[in-house]
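The values are calculated or read from the model by the stated rules, or taken from the named source; none is laboratory data. Everything numeric here is computed off the predicted structure, so don't read it as measured data. Methodologically, a virtual Cβ is constructed for each residue, glycine included, from the backbone with ideal geometry; neighbour enumeration extends over all protein chains shown.
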Amino acid sequence: MTRHARTLDREPTRVVVYSDGEVRRQFNICYTARIVGGQLAASGEPTEVRFVDRAALGELPMHETQRLRLRHYQENRSCPYLG
């Protein structure tokens, strides 16, 4: 449980437990970008990095909140979804 700055007690609802026992609160931030150079490579924490065709996104295992962010991207929204 975490204590909010206004002293509210709350229980995180999206918690990720890794195979090594590490526990983290799950969140995601999605950016859109245009590749201008460099090479695709893992930077340390990820075990795999790859490009995926938009049509194949539905087949990937992920939390529903991550799927929601990708769905918003595919809808070509004019402004970000914050919620």
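I want to confirm something. Restricting to segment 50-83 and keeping residues that are loosely packed, with under 10 Cβ neighbours inside 10 Å and under 21 Å from S19 (Cα atoms), which single residue is modelled with the lowest pLDDT? The extreme case among them is E64.
Scan segment 62-79 residue by residue and report those that are assigned to a loop (DSSP other than H, G, I, E, B) and over 21 Å from R14 (Cα atoms). Can you show your working first?
So the first thing to find is which residues in segment 62-79 are assigned to a loop (DSSP other than H, G, I, E, B), and the list is 62-63, 75-79.
Listed by number, the residues that qualify are E75, N76, R77, S78, C79.
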